[in-house]
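Accompanying notes for the structure given below.
The values are calculated or read from the model by the stated rules, or taken from the named source; none is laboratory data. Model, not experiment: these values are computed from the prediction. Note that each Cβ is placed from the backbone with ideal geometry, even for glycine, and that neighbours are counted across all protein chains shown.
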RNA sequence: GCGCGCUUAGCUCAGUUGGUAGAGCAACUCAUUUACACUGAGAAGGUCGGGGGUUCAAGUCCCUCAGCGCGCACCA
């Protein structure tokens, strides 16, 4: 067949490798990822409705994985759709310093490569190394985001640890300090002996392990047996607590027993009654260790018992004779059990399944220790916010639907977390992060945005939990604390926060906390949670399992559009999905199909020029238009409702099964034997439909659609074309 | 202990307010140079985890049981 107007490019299969980088460059150089440029160039109306999203900043701990790829794809679909609808669209990029995660990663590398510890290097030198690592990770991440086709406004890129964000952090801290929401307190915290830092409750992961539960008494003349899985902590016991209604132990309550020698340590044990003790558990009597157990510490404070620390920051014993002193807790445990056996004090030992607490990032086993740390009070009433506490602020905006969570079931998860929420420990004994803006001089304490004047002030050595700065992200990236900044005014109330469900507590909740408190408004209107991407066997992808697929590798093999489609299709919100190469291959074929559809449409138009306002359609085409427009309407509605998987499926089906397989086949005889009117009507319909398919598909498969658009000789970028309206 | 999710074709998953089950991949038959082989046509494949209930009608709503997965709490 003669192909008068066909670009020779269409005679070969679509080649994503040759296309994608070139197209991204074209977009980037146009400047149209930036809404200000869109307005300047007349692409977007300056009074148009705003649409903004912040990219969940990837941690600078290495490279992007398929989960990030999913995030980028889903958000890019939303953003491109909004942009094509003529909204002033901002998608703001950034990366996260990820304090403890990055630091522990660099520590591991240095230890492996040089056999050194961070203390061998010193704070300054070590931080230089971390910064170098972070910078390299950052560069990789940025180039990967671009590979994914993400239409991010790079001119506004932010980092959670840069100067501007540091100012935001200091400002926020100071406000909370002045409002007495931040306080310094001495209490039992989660100490990570491996990372040598405190961590928050949310940074603990649990693992089921077999453990032994020992039932014993402190001495032969002690009247009550107690049970424990950690006999080594018992050298720090000051009391035995029983339930007040427990008749078995009633007669002992109030008495104090002196144990002269418990494995080399003298104890003085008071028998107390406390409601927290369950009669049915173990012997119904609880050895109270105020320094090394959260619950025990609470009991102790109710009964004015002293706190006796017996384990230090290195998880080693600080009391006892040579048998246990300076020994690791696990070793001391064996010594004490042996001692109990020798002295005939051990009644029984049983094997149980126990949840052990570990630090998420380092894998260190958590040691509860009493320490002086900084906390955010989540229960204190805030006069500036209708006398609500942070907990209440977080709860209310979801309850009253100021924030909608999709899928809805995660609202319950969110409520459940808030109900159990304790004061948030925000200080960390690590080096990489925002320094706490507090200075000490003798007994004076100063909290300020800037360093205090005068001699002799020493800044707090600790840094802040990384989520403190992440919590400010929606507005710290928009110019805050400068409330007159144009971005702050136009974009800070973001439309949707899109992320994987596994950071709902870490991040989503903290942003809601910070924004409702500091600004008195919500950070976003909708939270859209997607699931985790798993391997073909349903396992979470991880480096240690060696099952993580590298998005860049897949892109090189199949093209970005194919990877994007496979991440979106067949996945409902909040549901995990499995990734397989078969699926990606199918969408690679689809990109080529689209390519060939274009080739056919262009080659068969026979001199007719595309006329978007063509009106002389014949009945046959009118029917087809009606059918097509109905589908476009549905797709538009579905994307607006975040049902990308449905919309994508629909446009896929329409182009392939309907347009290519049926409509194109039917047109062949028309173009061969039809009248001029018939040919014209059909040719216009085909061109018009192809145009609309390309526009609708663009958010999903931006590269191939833009490449076709450009090859067809269109003036504007498809990226900023108007979405088809019916 | 509290809560959530999943169970639909061989595999991976959709199925929006209840109206006779869909897609991709794989496998099967046919077509053999076509806009496209990164292709087309066709056929095959499911008592929607088990049981019970509501309803004219249930994959969808309710109850219950089971298996798998997850979150939170507990963890003396």
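For the reader, a short list of remarks on this structure follows.
- Residue within region A:87-106 that is surrounded by fewer than 22 Cβ atoms within 10 Å (Cβ to Cβ), over 15 Å from the mean Cα position of the chain (by Cα) and in a loop (DSSP other than H, G, I, E, B) present: yes
- Test: residue in region A:203-214 that is modelled with pLDDT of 90 or more, closer than 28 Å to residue A:261 by Cβ and in a loop (DSSP other than H, G, I, E, B): no
- Among the residues of this structure, residue A:636 does not count as one that is surrounded by 14 or more Cβ atoms within 10 Å (Cβ to Cβ), in contact (Cβ under 8 Å) with a residue 60 or more places away in the chain and within 7 Å of RNA strand B (Cβ to nearest atom).
- Annotation: residue A:169 fulfils all but one of (1) at pLDDT 95 or above; (2) within 16 Å of RNA strand B (Cβ to nearest atom); (3) farther than 30 Å from residue A:349 by Cα; the unmet one is (2).
- Just one of the listed residues (A:246, A:221, A:261) is in a strand (DSSP E or B), more than 9 Å from RNA strand B (Cβ to nearest atom) and surrounded by fewer than 20 Cβ atoms within 10 Å (Cβ to Cβ), namely A:261.
- Strands (runs of 3 or more DSSP E) contained in region A:331-426 and holding at least 1 residues within 30 Å of residue A:221 (Cα to Cα): A:346-359
- Region A:604-617, subset farther than 19 Å from residue A:695 by Cβ and surrounded by 17 or more Cβ atoms within 10 Å (Cβ to Cβ), residue farthest from RNA strand B (Cβ to nearest atom): A:617
- Selection status of residue A:382, under 30 Å from residue A:575 (Cβ atoms), surrounded by 19 or more Cβ atoms within 10 Å (Cβ to Cβ) and away from RNA strand B (no atom under 15 Å from the Cβ): no
- Some residue of region A:670-683 being in contact (Cβ under 8 Å) with a residue 60 or more places away in the chain, assigned to a helix (DSSP H, G or I), under 43 Å from the mean Cα position of the chain (by Cα) and within 16 Å of RNA strand B (Cβ to nearest atom): no
- Test set (1) surrounded by fewer than 17 Cβ atoms within 10 Å (Cβ to Cβ); (2) at pLDDT below 95; (3) in a strand (DSSP E or B) - residue A:188 fails condition number: (1)
- Of all residues in region A:639-655 being within 9 Å of RNA strand B (Cβ to nearest atom) and crowded, with 16+ Cβ neighbours inside 10 Å, the one that is nearest to residue A:408 (Cα to Cα): A:643
- Positions within region A:277-290 being surrounded by fewer than 22 Cβ atoms within 10 Å (Cβ to Cβ), more than 16 Å from residue A:222 (Cβ to Cβ) and more than 7 Å from RNA strand B (Cβ to nearest atom), in sequence order: A:279, A:280
- Look at (1) touching a helix residue (DSSP H, G or I) at 6+ places or on another chain (Cβ under 8 Å); (2) in a helix (DSSP H, G or I) and you find that residue A:616 fails only one, number (2).
- Taking the criterion of being more than 9 Å from RNA strand B (Cβ to nearest atom) and surrounded by fewer than 19 Cβ atoms within 10 Å (Cβ to Cβ), the residues of region A:291-304 that qualify are A:298, A:301, A:302, A:303, A:304.
- Positions within region A:385-407 being within 16 Å of RNA strand B (Cβ to nearest atom) and in contact (Cβ under 8 Å) with a residue 60 or more places away in the chain, in sequence order: A:394, A:398, A:404, A:405, A:406, A:407
- Counting the residues of region A:265-276 that are in a loop (DSSP other than H, G, I, E, B), touching a helix residue (DSSP H, G or I) at 6+ places or on another chain (Cβ under 8 Å) and either more than 9 Å from RNA strand B (Cβ to nearest atom) or without any contact (Cβ under 8 Å) to a residue 12 or more places away in the chain (or both) gives 1.
- Within region A:408-418, being surrounded by fewer than 18 Cβ atoms within 10 Å (Cβ to Cβ) and within 8 Å of RNA strand B (Cβ to nearest atom) holds for A:409, A:412, A:413, A:416, A:417.
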